[in-house]
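Trainee: Before I ask anything, here is the structure I am working with.
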Amino acid sequence: QVQLVESGGGLVQPGGSLRLSCAASGTIVSIYFMGWYRQAPGKQRELVASITSGGSTNYADSVKDRATISRDSAKNTVYLQMNSLKPEDTAVYYCLLNSYGLNYWGQGTQVTVSS
């Protein structure tokens, strides 16, 4: 039983910044990786960034140089810092945790970039 709770979403002006947080709780044997995905209306869910248990990171080309994913292993929490936000970043952002080969998803948090 794993629960993921996202926070930090909201309305942001273009060029602004925000930091999303995803806290995992429950029985977690091992975290292979955690990541952030996003989905805009009418579009497929896409990977934004991920981080492995070893600390390796991966970013979508659309957010490279604007996003930083990090983690606090002691708290089982992953963060997504996004800067220079664009209207195209508007989407529901979902946290993903992979543990022992199983995927767990958060409920999603809305990010809206608009003036």
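The values are calculated or read from the model by the stated rules, or taken from the named source; none is laboratory data. Note that the structure is predicted; figures quoted are calculated from it, not measured. Cβ atoms come from the backbone with ideal geometry, glycine included; neighbour counts cover every protein chain shown. Protein only, heavy atoms only, side chains kept; ligands, DNA and RNA dropped before computing areas. Shrake-Rupley method; radii C 1.70, N 1.55, O 1.52, S 1.80 Å.
Trainee: May I ask you to give the solvent-accessible area per residue for the chain, in square angstrom, as obtained with a 1.4 angstrom probe?
Mentor: 54
Trainee: How large is Rg/Rh for the stretch 4-48, to two decimals, with Cα atoms and a Kirkwood Rh?
Mentor: 1.03
Trainee: Once you place label points 7 Å from the Cα toward the Cβ at Arg19 and Ser7, how far apart are they in nm?
Mentor: 1.2
Trainee: Further question on the same structure: The stretch 27-54 to the stretch 78-115: how many Å between their Cα centroids?
Mentor: First find each Cα centre; the distance between them is then 8 Å.
Trainee: Same structure, new question: Determine the order of Leu96, Leu11, Leu47 by accessible area, beginning with the largest, at a probe radius of 1.4 Å.
Mentor: Leu11, Leu47, Leu96
Trainee: Give, as a single signed number, the net charge of other residues whose beta carbon lies under 15 Å from the beta carbon of Gln107, with Lys and Arg counted +1 and Asp and Glu -1.
Mentor: Overall, the nearby charge balance is +1.
Trainee: Ignoring ligands, DNA and RNA, what percent of the accessible area of the stretch 11-115 is carbon or sulfur (1.4 Å)?
Mentor: Roughly 47 percent of what the probe reaches on the stretch 11-115 is carbon or sulfur.
Trainee: Treat the chain as a sphere of radius equal to its Kirkwood radius over Cα pairs and apply Stokes-Einstein at 20 °C in a medium of 1.002 mPa s; give the translational diffusion coefficient in µm²/s, rounded to a whole number.
Mentor: Using the Kirkwood radius from Cα pairs, D works out to 152 µm²/s.
Trainee: Could you tell me which of Ser73, Asn58, Ala91 has its Cα farthest along the dipole of the stretch 58-114 towards the positive end, charges placed at Cβ (Lys, Arg +1; Asp, Glu -1), taken about the Cα centre?
Mentor: Of the options given, the answer is Ser73.
Trainee: Please give the peptides 108-114, 79-85 ranked by average Cβ packing (other Cβ atoms within 10 Å per residue), highest first, as a rough proxy for protection.
Mentor: 79-85, 108-114
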